[in-house]
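The values are calculated or read from the model by the stated rules, or taken from the named source; none is laboratory data. This is a predicted model, so every value here is computed, not measured. Ideal geometry is used to build each Cβ from the backbone, glycine not excepted, and the neighbour counts take in all protein chains shown.
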Amino acid sequence: MKSTRLFLIVLLAWASLGFAQPAPQQPAAPQTWRQSQRTDAANTMTYTRFTLAGKFSSSTQDQASNRPALAIDCISGKESHHPKGKYLAANLLIGTALKIVYIEPEEIRGMSYLPKVAVRYRTDDAADEAKEDWSPGADKTSASIPKDSLKKILRARTFSITADDDTGSPIAMQFYMPDPTPVEAACNVDKQKE
């Protein structure tokens, strides 16, 4: 009887220690490019969208339902009449209204000022931050990434970027860049404009 009681006490003590320990933390899943097929508004072409989710650097903006993302659109080789595919566009999707600045173009032709989103970004742990003006999306919650900037971003391991929201507050974002091979192969990013 004493040995049964002792066994139960030891079993309960052991069980309570097992439950008190935190579960081992799983390593973060590596970031990957998600692929989806899309059709343009006029239903004239089908294209592939590569999407990479990022995160907001400040915890107040980091909500799972509203994450920043990089979206790259291209037409596959069999759809584009290009053997390696054709790059269409790249966008930074933020989901928050951005501050639009108006830049005077080098040469004025009709419109005197161009709407732009001022961004500051850094690839990997570069000492210097790149400062550029990107074109805003129609809804002003995204910005179009120039092709030369996209090439730098795709080859990085990490990419951090800051843009201002419509009140002038900075929005800082971070992306962990996966292998760019599927995007580069499908979109032919390095091809010069024809």
- Could you list, in sequence order, the residues of the range 107-152 that are over 21 Å from I171 (Cβ atoms) and aliphatic (A, V, I, L, M)? I108, M111, L114, A127
- Pick from D133, D124, D62: which is modelled with pLDDT of 95 or more and surrounded by fewer than 18 Cβ atoms within 10 Å (Cβ to Cβ)? D133
- Task: Name every residue in the range 152-173 that is in contact with a Lys or Arg (Cβ under 8 Å, 6 or more places away or on another chain) and surrounded by 15 or more Cβ atoms within 10 Å (Cβ to Cβ), in order of residue number.
- Result: F159, S160, I161, T162, A163, D164, D165, M173
- Message: Here is a check on your reading of the model: is D40 over 17 Å from T158 (Cα atoms), at pLDDT 80 or above and more than 15 Å from the chain's Cα centre (by Cα)?
- Response: yes
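Does the range 175-192 hold any residues that are assigned to a strand (DSSP E or B) and surrounded by fewer than 16 Cβ atoms within 10 Å (Cβ to Cβ), and which are they?
Y176
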- Message: Against the definition (of a type in the set (A, V, I, L, M), more than 29 Å from T162 (Cα to Cα) and modelled with pLDDT under 85), how does A20 come out, yes or no?
- Response: yes
- Message: List the strands (runs of 3 or more DSSP E) inside the range 102-155, counting only whole elements, that have at least 1 residues being among the hydrophobic types (A, V, I, L, M, F, W, C) and without any contact (Cβ under 8 Å) to a residue 24 or more places away in the chain.
- Response: 114-123, 130-134
- Restricting attention to the range 164-181, report how many residues are of a type in the set (S, T, Y) and within 17 Å of the chain's Cα centre (by Cα). 2
